[in-house]
């Protein structure tokens with residue numbers, strides 16, 4: 001078991017949540033622009049209290065430049081357990097050569113063979129995580 005607890009749901013500390021993110025490569029980024037909300041599967045790296053991802057020109061890049069406020073979620077499902085971490089924060093495209101060089105040194109891999117020339121950093125304003133133990137619904141009475 002990843003975490004020991006008696007209750008079906010354990011609220012994770014920030015440290016536990018970051019540890020899970022550091023050992024995960026895939027998540028979902030939620031963006032809202034012009035009254036529309038979109039969700040994108042992404043690959044990412046969690047380092048130094050931030051998330052870094054790569055992207056190409058398109059909807060995702062356009063939306064995060066319109067509205068920097070984002071949500072990010074990653075999760076994992078195992079035998080008898082699961083976890084979920086949600087990050088609220090702000091996103092920005094990395095601009096300086098120094099920032100881009102630092103991002104290029106991270107193991108941010110692309111899923112598909114397309115050019116992804118833009119690096120995006122998500123700085124969290126909050127993080128919350130939960131660990132779940134699977135089981136049957138208890139009797140009500």
Next item on the list: Can you put 139, 104 in order of Cβ neighbours within 10 angstrom, beginning with the fewest?
Entry: 139, 104
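Can you tell me how much longer the chain between residue 11 and residue 109 gets when fully stretched, taken as 0.36 nm per residue apart minus their C-alpha distance, in nm with one decimal? Each step should come with its number before you reach the end.
Working: separation 98, 0.36 × 98 = 35.28 nm, distance 3.00 nm.
Fully extending the segment from residue 11 to residue 109 adds 32.3 nm.
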Note to self: Give me the one-decimal nm value for the distance between modelled label points at residue 69 and residue 34, 7 Å along each residue's Cα-to-Cβ direction.
What the structure shows: 2.0
Next item on the list: Taking only Cα atoms and a 10 Å spring cutoff, compute GNM fluctuations for the chain and point out the largest among 78, 129, 27.
Entry: 78
Check: Measuring from label point to label point, each 7 Å out along Cα→Cβ, what is the residue 98 to residue 59 span in nm?
Finding: 3.7
Notebook entry, point to check: Expressed in nm to one decimal, what extension gain is obtained for the pair residue 25 and residue 130 from 0.36 nm per residue of sequence separation less their Cα-Cα distance?
Noted result: 36.0 nm
Note to self: Going by average Cβ density within 10 Å per residue, which order do the peptides 19-25, 33-39 take, highest to lowest?
What the structure shows: 19-25, 33-39
Check: Which one of 75, 48, 14 has the biggest mean-square fluctuation once the chain is modelled by GNM with Cα springs under 10 Å?
Finding: 48
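Sorting 64, 94 on the 10 Å Cβ count, fewest up front, what's the list? Working shown, then result.
Details: 64 24, 94 17.
Ranking 64, 94 by Cβ neighbours within 10 Å, fewest first, gives 94, 64.
Every number in this text was worked out from the coordinates using simple rules, so none of it is lab data. Model, not experiment: these values are computed from the prediction. Neighbour counts run over all protein chains shown; Cβ positions are idealised from the backbone, glycine included.
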